[in-house]
Amino acid sequence: MREEETRLREGQDRLWERYDRLDRKLSAIGARWGVLSEDAFRRTVEELLSGAGYRVEKWSYNDSEGYVFGYSSVVDLDVVVKDDKALAVEIKSSVSRGDVVVFKRIIELYERVTGRRLDARYLVTYFIGGEG
């Protein structure tokens, strides 16, 4: 009986190892697909907006004080401009609570650094997660 129990545990351990490897592979595929689809979607939106007279500016800033993440990092923000209106747009394949906070802090940093007030903020996603 003990030998059978030992064999079952070893078999279960092997199954968990395989599950973990599969989970990591699926996560990597999903992350890659998300990045690729975000980029394609962003390019499509930019093309559509430019045809309607909008301009998309990519703002990149070295946040050396660590305002956004708590440590020095480069932050980016897409700003859509037409006439005197400026809109912040973030396109992500999935969004968690933490992403919303980061987006808010990037906007605050942008407004403080540039002195330009944003008229609207848009966080575009097709999956909202509950974690983080």
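Please indicate, with yes or no, whether at least one residue in segment 106-119 is open to solvent by less than 40 Å² (accessible area, probe 1.4 Å), under 14 Å from the mean Cα position of the chain (by Cα) and at pLDDT 90 or above.
For segment 106-119, residues open to solvent by less than 40 Å² (accessible area, probe 1.4 Å), under 14 Å from the mean Cα position of the chain (by Cα) and at pLDDT 90 or above: present.
Return the residues of segment 59-87 that are charged (D, E, K, R), closer than 14 Å to Glu111 by Cα and open to solvent by 10 Å² or more (accessible area, probe 1.4 Å); say none if nothing qualifies.
Hits for segment 59-87 are Asp76, Asp78, Lys85.
What is the one condition in (1) at pLDDT 85 or above; (2) closer than 24 Å to Ala88 by Cα; (3) of a type outside the set (Asp, Glu); (4) open to solvent by 60 Å² or more (accessible area, probe 1.4 Å) that Arg7 does not satisfy?
Condition not satisfied by Arg7: (2).
Out of the residues in segment 68-97 that are more than 25 Å from Leu49 (Cβ to Cβ) and outside any helix (DSSP H, G or I), which is nearest to the chain's Cα centre (by Cα)?
Ser96
Any residue in segment 100-126 that is farther than 16 Å from Ser73 by Cβ sitting within a Cβ distance under 7 Å of a residue that is open to solvent by less than 60 Å² (accessible area, probe 1.4 Å) and among the β-branched types (Val, Ile, Thr)? List the pairs, counting only those 6 or more apart or interchain.
Leu118/Ile107; Arg121/Ile107; Tyr122/Val89; Leu123/Val95; Val124/Val89; Val124/Ile91; Thr125/Val95
For the list (1) at pLDDT below 75; (2) assigned to a loop (DSSP other than H, G, I, E, B), I need the number of the one condition that Glu65 fails.
(1)
Taking the stated definitions as given, is Arg2 open to solvent by 70 Å² or more (accessible area, probe 1.4 Å), charged (D, E, K, R) and either at pLDDT below 85 or under 30 Å from Lys82 (Cα atoms) (or both)?
Answer is no for this residue.
For Gly130, only one of the following conditions fails: (1) open to solvent by 60 Å² or more (accessible area, probe 1.4 Å); (2) farther than 23 Å from Lys82 by Cβ; (3) modelled with pLDDT under 95. What is its number?
(1)
Are there any pairs, at least 6 apart or on different chains, whose C-beta atoms fall under 9 Å, with the first in segment 87-98 and free of Cβ contacts under 8 Å to residues at least 24 places away in the same chain and the second part of a strand (DSSP E or B) and crowded, with 18+ Cβ neighbours inside 10 Å, and if so, which?
Partner pairs satisfying both residue conditions: none exist.
The values are calculated or read from the model by the stated rules, or taken from the named source; none is laboratory data. It should be emphasised that the depicted structure is a prediction, and the values quoted were computed from it without experimental measurement. Glycine also receives a Cβ, built like all others from the backbone with ideal geometry; neighbour counts cover every protein chain displayed. Heavy atoms of the whole protein, side chains included, go into the accessibility calculation; ligands, DNA and RNA do not. Shrake-Rupley method; radii C 1.70, N 1.55, O 1.52, S 1.80 Å.
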